[in-house]
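Asker: One structure, pasted below without further comment.
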Amino acid sequence: MRDRERESIDGDIEQYLRVHEHKDMLRFLTCGSVDDGKSTLIGRLLYDSKTIFEDQLEAAESESRKYGTTGEKIDLALLVDGLQSEREQGITIDVAYRFFSTDKRKYIIADTPGHEQYTRNMVTGASTADVAVILIDARKGILTQTRRHSYIVSLLGIKHVIVAINKMDLLDFDEEVFEKIRQDYEELATQLEILHRYFIPMSALDGDNVVGRSGRTPWYDGPSLLELLDSMDISAEQTPKNFRFPVQYVNRPHLNFRGFCGTIASGSVKVGDEITVLPSGRSTRVKSIIDAGDISEERREVYRDNAQAPMAVTITTEDEVDISRGDMIVHTHNVPRISNRLKVMIVWMDETPMQIGRDYDIKRATSVATGQIEHINYKVNINSYEREIVERLELNDIASCRLVLNRPIAADSYRQNRATGSFIIIDRISNNTVGAGMIVDVARREQDKVPAAEEREYSDAERELNAYIRKFYPEWHCKAI
Amino acid sequence: MISHEKITHLKQLEAESVHILREVAAEFSNPVMMYSIGKDSSVMLHLAMKAFAPGKAPFPLLHVDTKWKFHEMIEFRDQRAKKLGFDLIVHSNPRGLEMDISPFVHGSKVHTDIMKTEALKQALDAGGYDAVIGGARRDEEKSRAKERIFSFRDRNHRWDPKNQRPELWNIYNTRINRGESVRVFPLSNWTELDIWQYIYLEKIPIPSLYFAKERPVVEYEGTLISVDDDRVPEELRKKAVMKKVRFRTLGCYPLTGAIESEAETLPQIIREMLLSRSSEREGRLIDKDQEGAMEKKKVEGYF
């Protein structure tokens with residue numbers, strides 16, 4: 001908490017609360033290893049925004065003496081390294097979620113480990129993030145891990161990447177170093193689908209360009225990390241327009257009320273809209289909408305005219321249509337494809353390898369179907385981005401596959417809709433979550449093969465042309481091939 | 001075209017929590033919601049009421065009564081459950097009652113082990129619940145920062161922090177075998193400030209112990225505690241003084257530190273919280289028992 005904020009709280013708390021009532025929320029992912037100063041950066045954000053309290057600081061100080069790596073300074077990293085075993089080993093194993101707040105936004109940080117053997121943890125953290133902060137040690141430049149992290153970020157559909165070029169203090173804040181890394185990264189990004197890229201020269205240890213702008217980078221006229229986070233507009237990516245409503249729960253408290261509860265995955269809906277229930281295809285109209293947020297202790301039936309993602313609502317329909325959990329309600333004029341054959345990208349997350357042809361449970365939004373991986377198209381080498389032919393998937397493997405379900409579902413591609421294009425794979429014996437998947441394409445009819453368009457092999461010249469267009473004409477939003 | 005409404009962070013948190021509660025109701029056959037009477041529980045109750053309106057939440061409330069709660073908490077508990085129409089299950093450890101466990105005599109560790117952790121396991125085994133909804137938040141303590149929203153527990157209610165199921169998007173794996181269970185934390189992504197702001201905006205009732213008032217208190221093991229009844233040892237009671245205090249967290253009164261405060265309204269509480277420099281768990285004596293205390297307790301089944 002900065003002094004200015006402290007004064008405003010002290011002066012007029014009600015005014016402060018009014019400002020903070022109107023904040024929005026932003027989730028970001030931090031990628032990098034301990035060596036890049038990632039925990040230090042997060043510790044710095046929490047410390048400088050005074051999210052760290054005195055007793056926690058005291059605990060970190062006493063632990064600094066025990067496990068610390070920074071000599072006399074408090075090891076800010078110890079503020080965030082959670083589990084005892086991690087503190088002893090000095091590594092961050094699992095995804096940890098951290099919180100801090102400014103007067104513009106509430107932030108949720110998914111703090112994920114950087115090593116290759118923890119790829120699944122990073123994928124997990126990336127799945128809910130809108131923005132990624134990729135740390136690069138200025139002394140080392142772009143490493144294999146940078147390529148890996150960038151690939152995962154792009155795969156999970158994160159459109160905004162902040163490249164934090166850290167440890168600039170060790171290189172006298174040399175502009176040339178920064179510029180070289182920026183160019184190298186732009187080059188790398190042409191191979192990926194990262195629409196917006198931002199670059200910040202930084203010293204997390206000393207706080208340069210983390211919260212405030214540094215006096216040691218006069219050649220840099222951009223914002224600090226926190227200023228950038230506070231001002232980013234991510235609404236375009238957050239809200240696809242197609243109305244999608246996975247039915248989560250049927251609420252039937254008495255004979256006169258039958259409501260369909262769920263979270264609006266995307267788009268918006270209003271009373272009177274013509275809707276279709278999938279996969280059955282039956283149509284009706286929206287009779288009423290209850291937003292859970294409007295309900296109070298005194299008024300338990302508050303109706304509204306319309307609602308939008310990501311509200312949790314209850315919808316009633318004009319006609320008695322058979323609707324149950326797992327169905328998807330959409331606008332009749334905007335229906336996604338329905339099929340049991342999907343082309344998907346899969347991240348394997350279990351020690352036991354994935355077996356082709358074995359039955360797994362596939363949970364997509366609120367529906368569960370039985371599914372089999374029929375074929376592995378290719379595995380992606382996440383360091384070189386090369387495609388490899390493999391027979392099975394091991395822990396942390398990422399691959400393009402053909403998935404066949406025992407019944408059709410209404411599905412969007414993940415590119416179009418993160419909420420309805422994503423699924424998890426559950427092992428039916430161990431009950432573990434063994435994989436995560438993203439829908440790439442949906443076959444037109446049940447019998448059809450998944451369209452082969454994306455399978456097209458491009459020549460080197462074509463790939464270079466694509467990369468050239470993406471690098472120099474980003475406003476064309478050219479697709480990566 | 002509908003004009004786009006700005007979704008504030010509290011609306012978003014609320015919607016996420018409602019989503020989680022509905023997922024529990026849809027996927028589990030015998031869920032229960034832990035009710036600890038504190039501010040987080042009050043928010044949870046409020047969210048559960050919203051999630052299933054105009055109907056009632058399809059699960060009961062469970063309170064593990066250590067018999068050392070502030071007497072006002074118990075009155076508040078009964079009155080809230082009745083007003084919102086929840087079934088309330090109260091359990092106390094009969095073995096502990098027989099042994100007459102007292103934090104003053106047996107210390108906080110023994111008291112917590114027997115009257116909280118063991119009692120909780122008894123209540124969960126007796127109820128055979130497959131999902132147990134709790135009000136823990138990830139910002140409370142470091143080991144909680146890594147816990148899943150749907151957190152798997154084995155037959156012995158144990159948590160394995162190194163072997164947690166990956167949890168992606170808002171798709172929750174609810175699969176378990178008979179005898180196993182899942183702890184569900186709908187408030188995972190709320191911070192203390194979010195909770196207070198939400199209580200303020202939604203006018204959610206909370207026990208008056210949170211508000212500053214003249215109360216009889218005495219210093220005990222370095223903390224000010226309330227003299228809530230005459231089980232406080234005589235020599236301590238003799239030293240009791242009236243002070244204007246309030247409580248940042250509510251638990252067993254001998255283990256809950258009071259803070260001197262002038263905050264009599266919610267905005268004043270929030271102001272005090274924002275300006276104070278210690279985190280809320282500091283008022284709880286049990287966390288300080290040993291380093292990594294909470295992680296150990298959680299592994300053993302504590303909430």
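Asker: Which sequence of A:Asp273, A:Asp305 reflects their accessible areas, 1.4 Å probe, from the largest down? Kindly include the intermediate steps, with their values, before the conclusion.
Answerer: Numbers: A:Asp273 20, A:Asp305 115 Å².
Descending order: A:Asp305, A:Asp273.
Asker: May I pose another question? In segment B:159-177, what residues drop by 40 Å² or more in accessible surface going from the chain by itself to the full protein assembly, probe 1.4 Å?
Answerer: Flagged in segment B:159-177: B:Lys162, B:Arg165, B:Pro166, B:Leu168, B:Trp169, B:Ile171, B:Asn173, B:Arg175.
Asker: Here is a follow-up. How many nm is it between the label spots at B:Leu201 and A:Leu395, if each spot is 7 Å from the Cα in line with the beta carbon?
Answerer: 4.2
Asker: Grab every C-alpha pair in segment B:80-141, bin the distances at 5 angstrom width from 0 up to the longest one, and report whole percents.
Answerer: 4, 15, 18, 19, 18, 18, 8, 1
Asker: While we're here: With a cut-off of at most 15 other beta carbons within 10 Å, and DSSP calling the residue loop, which trypsin sites (Lys or Arg not before Pro) in segment B:83-187 qualify? Please list them.
Answerer: B:Arg155, B:Arg158, B:Arg178
Asker: Here is a follow-up. Calculate log10 I(q)/I(0) of segment A:337-450 for q = 0.12, 0.17 Å⁻¹, where I(q) comes from the Debye formula with a single equal point scatterer on each Cα and nothing for solvent.
Answerer: Each listed q corresponds, in turn, to -0.36, -0.75.
Asker: Next question, about the same structure. With the calculation restricted to Cα positions, what are the radius of gyration and Dmax of segment B:208-288 in angstrom?
Answerer: 12.4, 37
Asker: Taking the Cα centroid of segment B:177-248 and of segment A:172-196, what is the distance between the two, rounded to the nearest whole Å?
Answerer: Each part's Cα centre sits 51 Å from the other's.
Asker: Continuing with this model, one more query. Using a 1.4 Å probe and counting only protein heavy atoms, how much accessible surface gets buried when A and B come together, both sides summed, in Å² to the nearest 100?
Answerer: Numbers: alone 23730 and 15340 Å², together 31150 Å².
When A and B are taken together, about 7900 Å² of accessible area is lost.
Asker: Further question on the same structure: Give the cross-link partners of B:Lys162 among the lysines, using a straight C-alpha distance below 18 Å as the criterion and excluding same-chain residues fewer than 8 apart.
Answerer: Straight-distance partners of B:Lys162: B:Lys142, B:Lys146, B:Lys296, B:Lys297, B:Lys298.
Asker: Using a 1.4 Å probe on the protein chains only, how many percent of the accessible area of segment A:233-355 belongs to carbon and sulfur? Mind showing how you got there, number by number?
Answerer: On the way: 2180 of 5010 Å².
Roughly 44 percent of what the probe reaches on segment A:233-355 is carbon or sulfur.
Asker: Which Cα, out of B:Ala240, B:Ile270, B:Tyr210, lies furthest along the positive dipole direction of segment B:208-288 (beta carbon charges, K/R +1, D/E -1)?
Answerer: Farthest towards the positive end: B:Ile270.
Asker: Here is a follow-up. Which of rounded, prolate, oblate describes segment B:103-204, given a ≥ b ≥ c as roots of the alpha-carbon gyration tensor eigenvalues and a/c under 1.5 marking rounded, otherwise prolate only if a/b is larger than b/c?
Answerer: Because a/c hits 1.5 or more and a/b fails to exceed b/c, segment B:103-204 counts as oblate.
Asker: Would you tell me the accessible area of A:Leu465, worked out with a 1.4 angstrom probe on the heavy atoms of the protein chains, in Å² to the nearest 10?
Answerer: Roughly 100 Å² of A:Leu465 is accessible to a 1.4 Å probe.
Asker: At 1.4 Å probe size, put B:Met242, B:Met44 in order of accessible surface, largest to smallest.
Answerer: Descending order: B:Met242, B:Met44.
Asker: Quick one: 3J(HN,Hα) in Hz for segment B:134-145, Karplus 6.51/-1.76/1.60 with θ = phi - 60°, rounded, Gly and Pro as x.
Answerer: x, x, 5, 10, 6, 7, 6, 7, 4, 5, 6, 4
Asker: Mind listing the phi-derived Karplus ³J(HN,Hα) values for segment A:13-24, rounded to whole Hz, using 6.51, -1.76 and 1.60 with θ = phi - 60°, and x for any glycine or proline?
Answerer: 5, 5, 5, 4, 5, 4, 4, 6, 5, 9, 5, 10
Asker: While we're here: Sequence-distant or interchain residues sharing an amide H contact under 5 Å with B:Arg215, placed H: which?
Answerer: B:Lys243, B:Lys244, B:Val245
Asker: Step by step: find N for the protein assembly as shown, compute 2.2 N^0.38 Å, then divide the Cα radius of gyration by it. What's the final number?
Answerer: Against the compact-globule rule of thumb, the ratio is 0.96.
Asker: May I ask you to work out the translational diffusion coefficient for segment B:27-120 at 37 °C, viscosity 0.692 mPa s, via Stokes-Einstein with Rh from the Kirkwood sum over Cα pairs, reported in whole µm²/s?
Answerer: The calculation lands on 228 µm²/s.
Asker: Can you pull out the chymotrypsin sites (Phe, Trp or Tyr not before Pro) in segment A:204-310 that DSSP calls coil and that have at most 14 other Cβ atoms within 10 Å? If you can, show how the numbers build up before the last one.
Answerer: Numbers: sites: A:Trp219, A:Tyr220, A:Phe243, A:Tyr249, A:Phe257, A:Phe260, A:Tyr303; in loops: A:Trp219, A:Tyr220, A:Phe243.
Hits after loop and neighbour filter: A:Trp219.
Asker: Okay, moving on. Find the accessible area per residue for segment A:372-421; the probe is 1.4 Å, ligands and nucleic acids are left out, and the unit is Å².
Answerer: Normalised by residue count, the accessible surface of segment A:372-421 is 43 Å².
Asker: So what are segment A:188-279's ellipsoid semi-axes, whole angstrom, largest first, if each one is the square root of 5 times an eigenvalue of the alpha-carbon gyration tensor?
Answerer: For segment A:188-279, the ellipsoid semi-axes come out as 47, 17, 11 Å.
Asker: In the structure shown, do any of B:Lys6/B:Lys203; A:Lys343/A:Lys363; B:Lys69/B:Lys243; B:Lys11/B:Lys39; B:Lys11/B:Lys121 have a Cα-Cα gap over 26 Å, and if so which?
Answerer: B:Lys11/B:Lys121
Asker: What full-extension length gain, to one decimal in nm, is calculated for A:Arg252 and A:Glu388 as 0.36 nm per residue of separation minus the Cα-Cα distance?
Answerer: 43.8 nm
Asker: Here's another thing I want to ask about it. Across chain B, where is the longest run that never hits GluC sites (Glu not before Pro) in a DSSP loop with at most 15 other C-beta atoms within 10 Å?
Answerer: The answer is B:6-179.
Asker: Give me the percent relative contact order of chain B, please, defined on Cα pairs under 8 angstrom at least 6 residues apart.
Answerer: Numbers: 463 pairs, mean separation 60.2, N = 303.
Value for chain B: 20 percent.
The values are calculated or read from the model by the stated rules, or taken from the named source; none is laboratory data. Note that the coordinates shown come from a computational prediction; the quantities given were computed from them, not determined experimentally. Using ideal geometry, Cβ is built from the backbone for each residue, glycine included, and neighbour counts are taken over all protein chains shown. These accessible areas exclude ligands, DNA and RNA; they are computed on the full protein's heavy atoms, side chains included. Shrake-Rupley method; radii C 1.70, N 1.55, O 1.52, S 1.80 Å.
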